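Accompanying notes for the structure given below.
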Amino acid sequence: MHPESHRVLHDTFGFQSFRPGQQDIVEKLLGGRNVLAIMPTGAGKSLCYQVPALIQDGLTVVVSPLVALIDDQVAALRANGVAAARIHSGRSREDNVADWRLVESGVAKLLYMSPERLMSERMLTALARIAPALFVVDEAHCISKWGTNFRPEYGALSALKERFPGATMAGFTATADTATQRDIADQLFAGRGDVIVHGFDRPNLWLGVTPKTKWRDQILSFLESRRGQSGIVYCLSRKLTEEVAVILSGAGVHALPYHAGLSPDVRKENQETFMAEEGVVMVATIAFGMGIDKPDIRFVFHLNLPGSMESYYQEVGRAGRDGTAADVFMVYGLDDIRMRRQFIEQDGEDGDHKRREHRRLDSLLAYCEASQCRRVTLLSYFGETTDPCGNCDICQNPPILVDGTTEAQMLFSAVMRTGERFGTAHLIDVLLGKTSERIATLRHDQLPTFGVGAGRAKTFWQAFIRQAVAGGYMVIDIERFGGLRLSERGRRVLKNEETFQYHEAPGFALAAAAAKRTKSAPLDMENVDPALLAHLKSLRRDLARTRGVPAYVVFSDKTLQHMCSLLPKTLDDMAEVNGVGPTKLKDFGGVFLEAITSFNDSGAM
């Protein structure tokens, strides 16, 4: 163990001990080992490279994908008394030059940059004169073409290992399957280093999925018991994002839209409001999210299907970063599947890439239609095993599995006899025996399957078809305008070579989910007065606004909770609060101490 690591952790950042997994990575980097670390969101990745950066000689260069994230990271470091520098296009030339001088003089040991700025020939030449000791690639999954978020500018980072052979290379990400991990390690350090996986489980997240029926009612029902909480609602399109924001605002929810079609100023203003204030719901496309480090996001609601299991994991990972209970919920339907298949087919000419993305989507669909614990299904995708969690909709209200072979044969026969080129609505009309001009023109009312499914409701067949598609029995044929065709597995059912089981929708009440979740994942707030905590959060918000930084840069929620638990009476007591380092003690200790004392004296407790 390096003798300086705990001293820096405590004296600079104010923490008493490392979180699980952090110290191992710190020691490896201090020993000059290349590292790729896969750690769940909220596990404290930043400290794993910030502590070594402050101990070792030489500069640490951190590559980050977003200007906002760079600004927040540097603000957080400076709040702890660390002289960190940043260079990016969102700042004036004078400011960038001033920070570069801090780097050249050795005052700043951490330099944050975007990949585009770092990989310019001028910057690489300038850095060569300094000889950085460590390069850190944040959101490292962006470097891999095997991943779901490949960015060409990140791909250029693979040249760093040859350009700076004496530097240690590190990558950090929360999302990478096994193939992507191997590719990142190869790109960053030619496989010569350690890949450390510290688990993907986020046990504080309650997981739920339900079929999309009346989505307006569904989202309003979900939010009814979550008034005053911060959350994210993800939508597939800009138009839907705007529509949902208006609907929620009309229902009294403080909702703001965020998508790439908004002006940069509006996006920035909405993001800053979301980060600084409590109880704001951001309605967004996937343009919003990477680098959002707001610890108290209490829910993520998907109104559309994400593109893959990795994308889903990334997006739900923005909830509950403070470690306390949060809910993630998704509604989805056949239109979502069709759109996602269409996006994949339109994404370039690379056949291998398309096949890979279709398989990833298949895995997400299997998760959506799972009949066992969702957490078991989710973690198994990333190569982990676990027991049923008790903290998902399936564990709390298991679906009833029913033999649907007869109904499947009715449906699959209708698909075959109509030529495997029609969509859901037409097939259901055939099954229900509904006459129409189109049905008559195509003579589909003369088919043996016409009306064979009339004993079931339209809603039954809609859910049944969705499960058949998700289960791989039928395929949405994108090239033939979204018509349904049978897979080999579906043909086996039709030939009585395989059975088909479907699950009846459990009708899980969205409002009840919060109560069940709270019982299964209680908040660790036993010794915390909620009124005092609210008082300190209000003070933190005012200080953050004055300084123009996110609230967590002042103090995290966990630090405030620890203050409420310890109730410090002196600055020495305040120094014992987890997350209060010397600089924050000097800058904020007195004002928070005064707030606690005056709150006590007022008799509010």
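Taking the numbered list (1) more than 20 Å from the chain's Cα centre (by Cα); (2) within 29 Å of T385 (Cα to Cα); (3) of a type in the set (A, V, I, L, M) in turn, L248 passes all entries but (2). A single entry from D293, D322 fulfils the requirement of being assigned to a loop (DSSP other than H, G, I, E, B) and touching a Phe, Trp or Tyr at 6+ places or on another chain (Cβ under 7 Å): D293.
Of everything in the range 563-574 that is within 33 Å of the chain's Cα centre (by Cα) and surrounded by fewer than 20 Cβ atoms within 10 Å (Cβ to Cβ), the residue that is farthest from A319 (Cα to Cα) is L566.
For the range 126-152, name all the residues that are surrounded by fewer than 16 Cβ atoms within 10 Å (Cβ to Cβ) and not aliphatic (A, V, I, L, M). Correct list: R129, K145, P152.
Residue pairs whose Cβ atoms lie under 7 Å apart, separated by 6 or more positions or on different chains, with the first residue in the range 163-191 and more than 25 Å from G289 (Cα to Cα) and the second of a type in the set (G, A, S) and surrounded by fewer than 15 Cβ atoms within 10 Å (Cβ to Cβ), are G166/A131; T168/G32. I'm checking my understanding of the structure. Among residues of the range 1-22 that are over 22 Å from G81 (Cβ atoms) and under 26 Å from the mean Cα position of the chain (by Cα), which one is surrounded by the fewest Cβ atoms within 10 Å (Cβ to Cβ)? This residue is P20.
Considering each residue of the range 395-414 in turn, at least one proves to be among the small types (G, A, S), within 30 Å of R375 (Cβ to Cβ) and either in contact (Cβ under 8 Å) with a residue 24 or more places away in the chain or touching a Pro at 6+ places or on another chain (Cβ under 8 Å) (or both).
When you go through (1) buried (at least 20 other Cβ atoms within 10 Å of the Cβ); (2) modelled with pLDDT of 90 or more; (3) over 25 Å from I400 (Cβ atoms) one by one for G490, which number turns out not to apply? With (1) buried (at least 20 other Cβ atoms within 10 Å of the Cβ); (2) modelled with pLDDT of 90 or more; (3) over 25 Å from I400 (Cβ atoms) applied to G490, the lone miss is (3). The set of residues in the range 144-189 that are under 18 Å from the mean Cα position of the chain (by Cα) and of a type in the set (D, E) contains only D177.
What number goes with the only condition from (1) closer than 26 Å to W100 by Cβ; (2) assigned to a helix (DSSP H, G or I); (3) in contact (Cβ under 8 Å) with a residue 24 or more places away in the chain; (4) of a type outside the set (A, V, I, L, M) that E27 does not pass? Among (1) closer than 26 Å to W100 by Cβ; (2) assigned to a helix (DSSP H, G or I); (3) in contact (Cβ under 8 Å) with a residue 24 or more places away in the chain; (4) of a type outside the set (A, V, I, L, M), E27 violates only (1). Checking each residue in the range 204-214 for being surrounded by 17 or more Cβ atoms within 10 Å (Cβ to Cβ) and within 15 Å of L303 (Cβ to Cβ) picks out G208, V209, T210, P211, K212. Quickly run through the range 70-125 and pick out the residues that are under 22 Å from S556 (Cα atoms), surrounded by fewer than 21 Cβ atoms within 10 Å (Cβ to Cβ), in contact with a Leu (Cβ under 9 Å, 6 or more places away or on another chain) and without any contact (Cβ under 8 Å) to a residue 60 or more places away in the chain. A83 - this is the single residue of the range 70-125 that is under 22 Å from S556 (Cα atoms), surrounded by fewer than 21 Cβ atoms within 10 Å (Cβ to Cβ), in contact with a Leu (Cβ under 9 Å, 6 or more places away or on another chain) and without any contact (Cβ under 8 Å) to a residue 60 or more places away in the chain.
Exactly one residue among S230, S225 is touching a Lys or Arg at 6+ places or on another chain (Cβ under 7 Å) and either touching a residue at least 12 places away in the same chain (Cβ under 8 Å) or within 25 Å of T41 (Cα to Cα) (or both), and that residue is S230. Within the range 390-403, restricting attention to residues that are surrounded by 21 or more Cβ atoms within 10 Å (Cβ to Cβ) and in contact with a strand residue (DSSP E or B) (Cβ under 8 Å, 6 or more places away or on another chain), the residue that is farthest from M474 (Cα to Cα) is N391.
Answer with yes or no whether E345 is in contact with a Lys or Arg (Cβ under 7 Å, 6 or more places away or on another chain) and surrounded by fewer than 22 Cβ atoms within 10 Å (Cβ to Cβ). The answer is yes for E345. Does the range 103-143 hold any residues that are over 24 Å from A185 (Cα atoms) and more than 34 Å from the chain's Cα centre (by Cα), and which are they? Passing the criteria: E104, S105, G106, V107, R122, T125, A126, R129, I130. Every condition in (1) at pLDDT below 95; (2) in contact with a helix residue (DSSP H, G or I) (Cβ under 9 Å, 6 or more places away or on another chain); (3) among the polar types (S, T, N, Q) is met by S120 except one, and the failing one is (2). Taking the numbered list (1) assigned to a loop (DSSP other than H, G, I, E, B); (2) closer than 17 Å to S64 by Cβ; (3) among the hydroxyl-bearing types (S, T, Y) in turn, S17 passes all entries but (2).
Filtered by the rule that a residue be of a type outside the set (S, T, Y), surrounded by 16 or more Cβ atoms within 10 Å (Cβ to Cβ) and within 19 Å of A326 (Cβ to Cβ), the range 228-265 gives Q229, G231, I232, V233, L248, V253, H254, A255. Restricting attention to the range 451-478, the residues that are basic (K, R), farther than 12 Å from I337 by Cα and assigned to a helix (DSSP H, G or I) total 1.
I'd like to know if the range 170-189 contains one or more residues that are hydroxyl-bearing (S, T, Y), in contact with a helix residue (DSSP H, G or I) (Cβ under 7 Å, 6 or more places away or on another chain) and surrounded by fewer than 23 Cβ atoms within 10 Å (Cβ to Cβ). Scanning the range 170-189 turns up no residue that is hydroxyl-bearing (S, T, Y), in contact with a helix residue (DSSP H, G or I) (Cβ under 7 Å, 6 or more places away or on another chain) and surrounded by fewer than 23 Cβ atoms within 10 Å (Cβ to Cβ). I'd like to know if the range 145-156 contains one or more residues that are touching a strand residue (DSSP E or B) at 6+ places or on another chain (Cβ under 7 Å) and assigned by TED's automatic domain parsing to the domain that holds K28. No. Remark: H254 falls outside the filter, which requires a residue to be touching a residue at least 12 places away in the same chain (Cβ under 8 Å), closer than 26 Å to Y552 by Cβ, touching a Cys at 6+ places or on another chain (Cβ under 9 Å) and assigned by TED's automatic domain parsing to the domain that holds S311.
Among the residues of the range 63-117, those identified as part of a helix (DSSP H, G or I), among the aliphatic types (A, V, I, L, M) and touching a helix residue (DSSP H, G or I) at 6+ places or on another chain (Cβ under 8 Å) are A68, A75, A76, L77, A79, V103. In the range 349-446, counting only helices (runs of 4 or more DSSP H) that sit wholly within it, the ones holding 2 or more residues that are closer than 27 Å to Y312 by Cα and under 22 Å from the mean Cα position of the chain (by Cα) span 351-368, 374-381, 393-396.
The values are calculated or read from the model by the stated rules, or taken from the named source; none is laboratory data. Source: prediction; values computed, not measured. A quick note on method: Cβ atoms are made from the backbone with ideal geometry, for glycine too, and the neighbour counts reach across all protein chains shown.
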